Amino acid sequence: MMNMIRASLQGMAPWALTAAVLFLAPSARAQNIADTSYNAYNSAFLVQNGSSAFYTNSITDRTRAYMWGEASDIFVTEDYYARTHNPATPVLITNLLNTFMADNNGADWSWDSWNDDIAWAVIAFVRGYQITGNTAFLNAARNNWDMAYNRGWDSALGGGVWEEMNSKFSKCALSNDPLVISGCALYQITGDSSYLTKSQAMYNWVRTNLFNSTSSTNSLGAPGQVNEGLDTSHGLQPSDNVYNSGGFISAANYLYRLTGTAQYHSDAQLAITHIVNEGPVIDFVGSPGNPQYAYWFVKGVSEFATDNNVWSQYQSYMANNANTSWANRDSLNLTEDDWTHPNTGSNPVALNASSAVTVWQVQQQPNLNVSGNYAIVCAASNLALGVASNASYAAVVQQPYTGAAAQQWTFTPTGGGLFQIKNVSSGLVMNVSAGSVGSGATIVQYPAQGLSPGNDRWQPSLNSDGTYSFFNHNSLLALDDTAASTASGTQFSQYWPNNTNAQKFSLIPLGTIANGTYHLTPACATGSHLDVAAAGTTNGTNVDIYASNTTNAQKWTFTANAAGNGYRLSPLSSPGLSLDVAGTGVANGTNVDIWTSNTTNAQKWGLTAVSGGYTLTPLNATGARLDVLAGASADGTNVDIYQANGTNAQTWAITP
């Protein structure tokens, strides 16, 4: 499998690097802590036995958490997957959800009279479907959402869903907002507009009865405050809990994404501002001495910041919460709900420790800092992404790479680690046809922000082999070479993530460096240079490595190709010849020689910055790299092309 670009760079001479394809902001430290905190959580609470998997109540109580707690603990793994797209995680999520059903009367949860319990579980199952494509999870989510809404909604107290059906004592934020969140997702997935209509009705009930939407303090509390609920005996149940605020924010933000109604955006922003203004770290907000379940608040802020490209407003606050919670962790790397004091308890509880894990998973995602034009090459077909024409809605297809502008792409950051991917020829961006969230929907180009919100935004994810996968922000599905086709003209689609080569892509930088003459030094033999054997001047003369010397056989003239698709490398000893993949071969071990300069891709080389130098990619075989045979260092060691592997045999320093 191709080990594609780890970091790409163009635009400057090799000793003055400025534009690299790197994951940037937040730092590697943030990503490492996110991994460490998640692994610590699993080490402490996850129990697995074959395909059975569940989270325990606590360190000492090894029984599974109760229904809603079991579902809430699963959120953590779903958040980890959303950040990393680790290909092993969907299997764990499948096992967790199947075990949940085995423990909770299958897909019928009507035995639980608490509608907020049902709502949390429905969210876990909707997300599980979006990650795995398992329709059993979708069916369970639909059936139980319908059940909770149908039994819970009535006209008492002005509408809304009862929290608990036996007593019918109160209707609250917790029994309505989570159903709004999952209802929005079900509307997207199924196209059933009744989910959206019902979600809007529940939201409006919460907004009218529990949320202070004004700019002044009133009977509902401070501006932006979300109260607990209404009960049949006392009316308003005042509270100022971050979990109520967070659920409301997520609900408002999701409705804004789906409808574009400005009120939802304003409500979410006001609710965030209220909590943020309470203090720099979530702790005792509204209830002194009572630490709070912060999961939904940090989740809601992250969603709002990402969807609306406003991370600059909240990054400091979110990072401060994450860093403070981490600084007060215990010896197991766990922090319960009190983030501002050292955690010294002897029996951490899984639910209480989950928020401090998620605050790291939902930090701003690292960006690709990308400058210039790129070819995007599919690992399954070794063909490049292009467009059939410059027309709006033209298909995004795969084609043999020619360097045409229709096969070149630029990346425009849109916040939260997401990008629009713009075609150089048409100026249009990659979209999913009709804004679909369905697996198999085709990929087209369309004006930016012209279809569903988030439909033209893609999350790049770096795979372990150095390739990238791209996940659509609207559908959460992966850019896919349909049926792993190798045929030119195949239109790309979106599909359930599967970690196959059909969903892995290399980025080939197509910018230019300064034309000039350079030495190439392999990292496996730093006393040697790329060398024309015996300073030969005829077609087919071999290229090897040899101890550094001052001859023209070790000096290579870099000339940017006019189409912007890589470089020609010609030895000063034979300026009419160029570095060439023998016979335009693509197999591992194909020899590299010099040959009369021509226009084939066997003489076009893309440069990619990596630690310690560059890799050189022959554009006729984009899964391969210029390679020192076996990584040897002896004079005369042959140079060939070989599958990208990240070794020193494929890393070259380029110096004048």
- prompt: Can you tell me which of Ala634, Ala602, Ala587 is surrounded by fewer than 16 Cβ atoms within 10 Å (Cβ to Cβ), more than 13 Å from Leu530 (Cα to Cα), among the aliphatic types (A, V, I, L, M) and more than 30 Å from the chain's Cα centre (by Cα)?
  reply: Ala587
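In the stretch 472-485, which residues are assigned to a loop (DSSP other than H, G, I, E, B) and closer than 9 Å to Ala502 by Cβ?
Of all residues in the stretch 472-485, those assigned to a loop (DSSP other than H, G, I, E, B) come to 473-477, 481, 485.
Listed by number, the residues that qualify are Asp481, Ser485.
Answer yes or no as to whether Asn561 is surrounded by fewer than 23 Cβ atoms within 10 Å (Cβ to Cβ), over 16 Å from Val543 (Cβ atoms) and not basic (Lys, Arg). Let's see the steps before the verdict.
Working: surrounded by fewer than 23 Cβ atoms within 10 Å (Cβ to Cβ): yes; over 16 Å from Val543 (Cβ atoms): yes; not basic (Lys, Arg): yes.
Considered against the rule, which asks whether it is surrounded by fewer than 23 Cβ atoms within 10 Å (Cβ to Cβ), over 16 Å from Val543 (Cβ atoms) and not basic (Lys, Arg), Asn561 comes out as yes.
Here are some residues: Ser469, Ser425, Ser461. Which one is assigned to a loop (DSSP other than H, G, I, E, B) and of a type outside the set (Lys, Arg)?
On the way: Ser469 fails: assigned to a loop (DSSP other than H, G, I, E, B); Ser461 fails: assigned to a loop (DSSP other than H, G, I, E, B).
Every option except Ser425 fails the conditions.
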- prompt: Applying the selection to the stretch 607-631, what residues are at pLDDT below 90, buried (at least 16 other Cβ atoms within 10 Å of the Cβ), in a loop (DSSP other than H, G, I, E, B) and among the polar types (S, T, N, Q)?
  reply: Thr622
message: Can you find a residue that is under 21 Å from Ile189 (Cα atoms) and in contact with a Pro (Cβ under 9 Å, 6 or more places away or on another chain) anywhere in the stretch 441-464?
response: yes
message: Residues that are within 24 Å of Ser199 (Cβ to Cβ), in contact with a strand residue (DSSP E or B) (Cβ under 7 Å, 6 or more places away or on another chain) and touching a residue at least 24 places away in the same chain (Cβ under 8 Å): does the stretch 246-257 have at least one?
response: yes
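Residue-wise test of (1) closer than 18 Å to Pro509 by Cα; (2) among the aromatic types (Phe, Trp, Tyr); (3) not assigned by TED's automatic domain parsing to the domain that holds Val377.
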site: Gly576; (1), (2), (3): no, no, yes
site: Thr584; (1), (2), (3): no, no, yes
site: Ile594; (1), (2), (3): no, no, yes
site: Trp605; (1), (2), (3): yes, yes, yes
site: Ala609; (1), (2), (3): yes, no, yes
site: Thr637; (1), (2), (3): no, no, yes
site: Asn648; (1), (2), (3): no, no, yes
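Being closer than 25 Å to Gln408 by Cβ and not small (Gly, Ala, Ser) narrows it down to one residue among Thr596, Thr557, Thr550; which is it? Walk me through it before giving the result.
Values: Thr596 fails: closer than 25 Å to Gln408 by Cβ; Thr550 fails: closer than 25 Å to Gln408 by Cβ.
Matching residue, one of Thr596, Thr557, Thr550: Thr557.
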task: Being over 46 Å from the mean Cα position of the chain (by Cα) and touching a residue at least 40 places away in the same chain (Cβ under 8 Å) is the filter here, so list the residues in the stretch 528-581 that pass it.
output: Ala533, Gly536, Thr537, Asn539, Thr541, Ser573, Ser574
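If I filter the stretch 82-94 down to residues being polar (S, T, N, Q) and within 17 Å of Asn472 (Cα to Cα), which single residue comes out as surrounded by the most Cβ atoms within 10 Å (Cβ to Cβ)? Don't jump to the end; show me each part of the working.
Taking the stretch 82-94 first, the residues polar (S, T, N, Q) are 84, 86, 89, 94.
This time we only want the ones that are within 17 Å of Asn472 (Cα to Cα), so: 84, 86.
Working: Thr84: 18, Asn86: 16.
Applying the filter and picking the extreme gives Thr84.
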- prompt: Between a first residue in the stretch 436-461 that is on the phi > 0 side of the Ramachandran plot and in the same structural domain as Asp481 (by TED's automatic domain parsing) and a second residue that is outside any strand (DSSP E or B) and not acidic (Asp, Glu), which pairs have beta carbons less than 7 Å apart while being 6 or more apart in sequence or on different chains?
  reply: Gly454/Arg257; Gly454/His473; Gly454/Asn474
message: Go through the stretch 320-335 and report how many residues are in a loop (DSSP other than H, G, I, E, B) and buried (at least 22 other Cβ atoms within 10 Å of the Cβ).
response: 2
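Consider Val310 carefully, then state whether it is under 25 Å from Trp120 (Cβ atoms), surrounded by fewer than 22 Cβ atoms within 10 Å (Cβ to Cβ) and touching a residue at least 60 places away in the same chain (Cβ under 8 Å).
On the way: under 25 Å from Trp120 (Cβ atoms): no; surrounded by fewer than 22 Cβ atoms within 10 Å (Cβ to Cβ): yes; touching a residue at least 60 places away in the same chain (Cβ under 8 Å): yes.
Here the answer is no, as Val310 does not meet what is asked.
Within the bounds of the stretch 3-21, is there any residue that is modelled with pLDDT under 90, among the basic types (Lys, Arg), within 24 Å of the chain's Cα centre (by Cα) and part of a loop (DSSP other than H, G, I, E, B)? Give the steps one after another, and end with the answer.
Of the stretch 3-21, the ones modelled with pLDDT under 90 are 3-21.
Next, from what is left, pick out any that are among the basic types (Lys, Arg): 6.
Retained after the next criterion (residues that are within 24 Å of the chain's Cα centre (by Cα)): 6.
With part of a loop (DSSP other than H, G, I, E, B) added as a condition, the list becomes 6.
There is at least one residue in the stretch 3-21 that is modelled with pLDDT under 90, among the basic types (Lys, Arg), within 24 Å of the chain's Cα centre (by Cα) and part of a loop (DSSP other than H, G, I, E, B).
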task: For the stretch 143-160, enumerate the residues that are farther than 23 Å from Asn105 by Cα and not small (Gly, Ala, Ser).
output: Trp153, Asp154, Leu157
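Given the residues Ser316, Ser354, which is the only one that is small (Gly, Ala, Ser) and within 21 Å of Ala82 (Cβ to Cβ)?
Values: Ser316 fails: within 21 Å of Ala82 (Cβ to Cβ).
Within the list Ser316, Ser354, the selection yields Ser354.
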statement: Screening Asp108, Asp112, Asp73, Asp79 for residues that are more than 29 Å from the chain's Cα centre (by Cα), crowded, with 19+ Cβ neighbours inside 10 Å and within 19 Å of Ser182 (Cβ to Cβ) leaves only Asp112
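Does any residue of the stretch 545-555 turn out to be closer than 30 Å to Leu383 by Cα, at pLDDT 95 or above, in contact with a strand residue (DSSP E or B) (Cβ under 7 Å, 6 or more places away or on another chain) and not hydroxyl-bearing (Ser, Thr, Tyr)?
First pass over the stretch 545-555, keeping only residues closer than 30 Å to Leu383 by Cα: none.
Within the stretch 545-555, none of the residues are closer than 30 Å to Leu383 by Cα, at pLDDT 95 or above, in contact with a strand residue (DSSP E or B) (Cβ under 7 Å, 6 or more places away or on another chain) and not hydroxyl-bearing (Ser, Thr, Tyr).
The values are calculated or read from the model by the stated rules, or taken from the named source; none is laboratory data. These figures come from a predicted structure and were not determined experimentally. Because the Cβ atoms are built from the backbone with ideal geometry, glycine has one as well, and the counts that use them run over all protein chains shown.
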